[in-house]
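Here's the structure we're looking at; comments come further down.
Each value in this text was obtained by applying a stated rule to the coordinates, not by laboratory testing. Predicted, not measured: the structure shown is a model, and the values here were computed from it. Positions of Cβ are generated from backbone atoms using ideal geometry, with glycine treated the same way; all protein chains shown enter the neighbour counts.
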Amino acid sequence: MPTFSYTGRDANGVIVTGGIESVSREAAQNLLLSQGIIPKVVKEAAAVGQSRSIFTLGAKVTIPELLLFTKQLRTMINAGISITQVLDILQQQTTNPALVTTLQTMSRDIREGSTLSDAFQKHPRVFPDLYCSLIKAGELSGTLPDILERIIYITEHEYRLREEIKAALRYPKMVVFALGIAFFVLLTFVIPKFVGVFQSAGLTLPMPTRICLWMYTMLKQYWYLMLAGAAAIFFGLKFYFRTVRGSYLRDLTLLRLPIVGPLFTKSVMARFASILSILTASGVTILSSLKIISEAIGNKAIAGEFDRLSTQMEEGHGIAAPLREARFFPPMVVNMVAVGEESGSLEEMLHQIALHYDEEVEYATKGLSEAIGPILIVSLTVVVVFFALAIFLPMWDLTKIVK
């Protein structure tokens, strides 16, 4: 059955847009009239899809766009606007083609009788599992505006953590990239010219110069093999990291790295505490919350610990006792969760843990920049000294010959 996109006015005179399935254009118009919508334009969706296919191909919804959508959704629901009208209005305000298409589908599904949470869950590439689970909890409890407020908080929290880590790693990446370019230029353009002069003078080349000449020869004669080897390693690791075992070993290695490992651990603890706090406050059971966190935590090594926690809780244990046996969880987290579980204030304790590790992540990112700075300086010094020796040692011998 073909799908038709439409623009019209509802009973309140508000302009609405969306999509509807029908056997023909006339049947679609009649169906819209039966729903109280006066159609102005009704087009077969295939024509619209062809004009948008180039733009929607590979399009995605970014976190800032998702945040803006959620804030607008909360504001209009608080104002008492019906959900179908809200989705129609948001379609007109949204500039992302992928999100517009998603909202059109959601609006159509809700008009056909689907619940709001089901409409969200049909679009996992736009709305994560955590987002959909909270929407469902708010829909069932009748506290959707409060739930949207919590979704905004957790989304902003997640986004800020990621941006802090990216900011801490941005400068090292730039320095390493510039160092790699400098190394390549010196090795392929500068060193060979000096080596030619030194060999024509009959000099015995010192070790640093011979190493540079060997690297240049390998790069010149076997560059295609090196490129093929690098590509094979890159795509091989990429494929391996997509497997269960590979992703587990990758995330486990990240947690055990000497400098960035503690930062990743603290970031995961902040996410765990904040997400679990919001889920429990929203009425989601601890067992269901752990399953959601296992998928949303972003680290397969720690996700495995949550899976074991879920298994033990299904056997009748609380959360504190299995948490003591789990890896990667600091004693402070375990003890505060135990106190919260015993006193019935688990939500508040988790909120305090999240606040604490937010500060820890902030300090750790600053410490990461301070720790990586000297390492980069030492690495840069080693490279500069190496090339300086490769050039100036034989040049010193050449000046002796001239004298």
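Just a few scattered comments:
- Once the Cα atoms are used to define both axes, helix 207-221 deviates from the longest principal axis of the chain by about 50 degrees.
- Mean Cβ neighbour count within 10 Å, used as a protection proxy, ranking 323-333, 283-293 highest first: 283-293, 323-333
- Inter-centroid distance (Cα atoms) of the range 258-283 relative to the range 162-185, Å: 27 Å
- Per-residue ³J(HN,Hα) for the range 131-137, Karplus 6.51 cos²θ - 1.76 cosθ + 1.60, θ = phi - 60°, Hz, x for Gly and Pro: 4, 5, 5, 5, 4, 5, 5
- SER82 versus TYR363: modelled label distance in nm, points set 7 Å from Cα along the beta carbon direction: 5.4 nm
- Simple spin-label estimate for ALA388 and ILE401 in nanometres, 7 Å along Cα-Cβ: 2.4 nm
- Highest-first packing order for the peptide set 103-111, 253-261 is 103-111, 253-261, based on the mean count of other beta carbon atoms within 10 Å.
- Taking amide H atoms as placed 1.01 Å from N in the peptide plane, the amide H of VAL16 lies under 5 Å from those of GLY8, ARG9, ASP10, each 5 or more residues away in sequence or on another chain.
- Adding -39500 (n - 2.57) for every DSSP H run of four residues or longer, then dividing by how many residues the chain holds, sets the calculated 222 nm ellipticity at -25500 deg cm²/dmol.
- Stretching the chain fully between GLN72 and ALA326 yields a gain of 87.4 nm (0.36 nm per residue, less the alpha carbon separation).
- Label-reachable residues, the range 343-373, where backbone N falls under 17 Å from a point 7 Å from SER379's Cα toward its Cβ: 368-373
- Distance between the range 229-251 and the range 366-403 - C-alpha centres, whole angstrom: 34 Å
- Vicinal HN-Hα couplings computed from phi for the range 183-198 (Karplus, 6.51 cos²θ - 1.76 cosθ + 1.60; Hz; Gly/Pro x): 4, 5, 5, 5, 6, 9, 10, 8, 4, x, 5, 5, 4, x, 5, 5
- Straight-distance crosslink candidates among lysines, where the alpha carbon sits under 17 Å from LYS173 and sequence neighbours closer than 8 are dropped: LYS366
- Rounded, prolate or oblate (a/c below 1.5 giving rounded, otherwise prolate when a/b exceeds b/c) for the chain by Cα gyration tensor: oblate
- Long pairs among LYS238/LYS266; LYS193/LYS238; LYS71/LYS266, criterion Cα-Cα beyond 31 Å: LYS193/LYS238
- With Cα atoms, 0 to 90° folded angle of helix 97-111 axis to the chain main axis: 30 degrees
- When you restrict to C-alpha pairs under 8 Å that are six or more residues apart and normalise by the size of the range 143-403, the relative contact order lands at 28 percent.
- Span from the the range 195-210 Cα centroid across to the the range 60-109 one, whole angstrom: 69 Å
- Per-residue ³J(HN,Hα) for the range 269-283, Karplus 6.51 cos²θ - 1.76 cosθ + 1.60, θ = phi - 60°, Hz, x for Gly and Pro: 4, 5, 5, 4, 5, 5, 5, 5, 4, 5, 5, 5, 5, 8, x
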